[in-house]
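The values are calculated or read from the model by the stated rules, or taken from the named source; none is laboratory data. From a predicted model like this one, the values you see are computed outputs, not experimental measurements. When we count neighbours, we look across all protein chains shown, and the Cβ atoms used for this are built from the backbone with ideal geometry, even at glycine. Surface accessibility is based on the protein's heavy atoms, side chains included, excluding ligands, DNA and RNA. Shrake-Rupley method; radii C 1.70, N 1.55, O 1.52, S 1.80 Å.
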Amino acid sequence: MAASARQTLLSFINNRWLVFVAAMWIQSCAGVGYLFGSISPVIKSSLHYNQRELARLGVAKDLGDSVGFLAGTLSELLPLWAALLVGAFQNLVGYGWVWLIVTGRAPVLPLWAMCVLIFVGNNGETYFNTAALVSCVQNFPKSRGPVVGILKGFAGLGGAILSQIYTMINSPDHASLIFMVAVGPAVVVIALMFFIRPVGGHRQIRPTDGTSFTFIYSVCILLAAYLMAVMLVEDLIDLSHTIIIVFTMVLFAILLVPILVPIMTSCLTESTDLSSALEEPLVQESGQSEQVATPDRDQEVILSEVEDEKPKEVDLLPASERQKRIAQLQAKLMQAAAEGAVRIKRGRRGPHRGEDFTLTQALVKADFWLIFFSLLLGSGSGLTVIDNLGQMSQSLGYNNTHVFVSMISIWNFLGRIGGGYFSELIVRDKAYPRPIAIAVAQLVMAVGHVFFAYGWPGAMHIGTLLIGLGYGAHWAIVPATASELFGLKKFGALYNFLTLANPAGSLVFSGLIASSIYDKEAERQAHGTVLDPEEQLRCQGEHYQEERLMVYRLLTAFFVELPEIVEH
């Protein structure tokens, strides 16, 4: 009995689903960059910054979130728990020092030093993202799309989760939000860092994996719907602190629900599943399996292909016969791999698509740069909308801009989850290449941009829906595509190089193109028009501007002709 309990405990600790759930919880704290808009007002007021100086801090924050070369390198040189510890330390030191300065506990530093602190603090996110993605992609090599989509989705929701926790704390000191951003993620990461590791997940393939993913997807959708409802209720209704605490406790309960998956798979899985069958000794029928001399790591990857190659009728055989048939197929795969390895080593130079590339080897491939520029275009245009939602909603006559900010955050989350699921669907069921999903995501975003450009009725609602879904889908599809084309060995470095497309795209589309067009159009609209001086450089949407000028002309004509009407 004690041995059985010990075996169950070991199975639970080494369960790849436990690693996945722990990575989800870490990603829930990896969205501290999304809270910059909430902590920037207290920084601005405490340190007496103007808007331009505050914008420089925002640039430092974006760079810290995207420059992950060090995180990718350390994830290859150190154990993943050590890389997570470095990220937690950076997060604590960077934002913790900012909190000490804002609260007067440390001397005020020059602006460039504050930018360095913000960069260091936010750069801790890159360690969290890298460790979570590297471990889970290696543990789920056959389900990369869903895994990446769910993890990136939780990173997008991190800001909303931390905001709800801060609302529950209800601190009168607004600087306490900076303290929570500094301490909260560090505590969670340190508590979970030893769970984040590869555990030979390709040997844990089970028939119930599809059901487990469906359950995780259901929890994600429930979490997104719940957060949306809570944000709207708290914004529209003045709630008591007790009700806010209840809302937050329910949020914690939803976040804890996924732990049921590793518990169930560890306790209720039969010992005759595929993973145990693969660990049985090979049946030496042909006498050729002893000649196979491949490295252990390559052997493990080859054995993971048995599930894909074995005929479906094998599952209907008795257990003993099924293990025999699997062992025969296993021996054939090993022999073919050994023969193929000899031929490959004789006639090729450098890795081929699907094998392990270094970053230097990937940088000379056109495929890699095509993915990079595709992400640059997609994420750059999406960030332009996300960063300028306030001005866009005002130009179309909306006042409650925060509603659209919350909406696009939720759609971004659902886009990341849906993008991973959709890309996996077309790869597995339709046998299409995964980049097809990138093209579909960009087409969806293009339709959203058209709605914004023409200012059609409902443009803000439909546009935020389409842009949020398309933008989020990019961050689920692109990492999975890169891991398939260029391998998993150097995935951390490859992923962190691709993330540079995010600030580069934002600089091109938002910093150079959109801002120039906005200022030029605002000056054109203001020319020759008598408006409030505070609105001289505010660009209005085409239809909204025409309606406003028409009302202005009608009112002017009425008041000009009113004295004549009275005299008569």
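Checked against a 19 Å cut-off, the cross-linked pairs K152/K430; K142/K365; K365/K489; K142/K489 give Cα-Cα distances beyond that limit for K152/K430; K142/K365.
Distance from the alpha carbon centroid of segment 105-146 to that of segment 460-496 works out to 17 angstrom. Across the accessible surface of segment 370-496, with the other protein chains kept in place and a 1.4 Å probe, carbon and sulfur atoms take up 68 percent.
The residues of segment 425-472 expose on average 50 square angstrom of accessible surface per residue, using a 1.4 Å probe on protein heavy atoms.
Derived scalar couplings between HN and Hα for segment 55-63 equal 5, 5, 4, x, 5, 4, 5, 5, 5 Hz in order, rounded to whole Hz, by the Karplus curve 6.51 cos²θ - 1.76 cosθ + 1.60 (θ = phi - 60°), x for Gly and Pro. Around G418, what is the net charge, scoring Lys/Arg as +1 and Asp/Glu as -1 over all other residues with Cβ under 13 Å from its Cβ? Once all neighbours under 13 Å are counted, the net charge is +1. For segment 451-460, putting each phi into the Karplus relation 6.51 cos²θ - 1.76 cosθ + 1.60 with θ = phi - 60° gives couplings of 4, 5, 5, 8, x, 5, x, x, 4, 5 Hz, in residue order, rounded to whole numbers and with x for Gly and Pro.
Each residue of segment 14-19 was assigned a 3J(HN,Hα) from its phi angle through the Karplus expression (A = 6.51, B = -1.76, C = 1.60, θ = phi - 60°), giving 9, 6, 5, 5, 5, 4 Hz with x at Gly and Pro.
For segment 9-66, a simple Cβ point-charge model (Lys and Arg +1, Asp and Glu -1, everything else neutral) yields a dipole of about 40 debye relative to the Cα centre.
Give me the percent of accessible area attributable to carbon and sulfur for segment 73-217, probe 1.4 angstrom.
Answer for segment 73-217: carbon and sulfur cover 74 percent of the accessible area.
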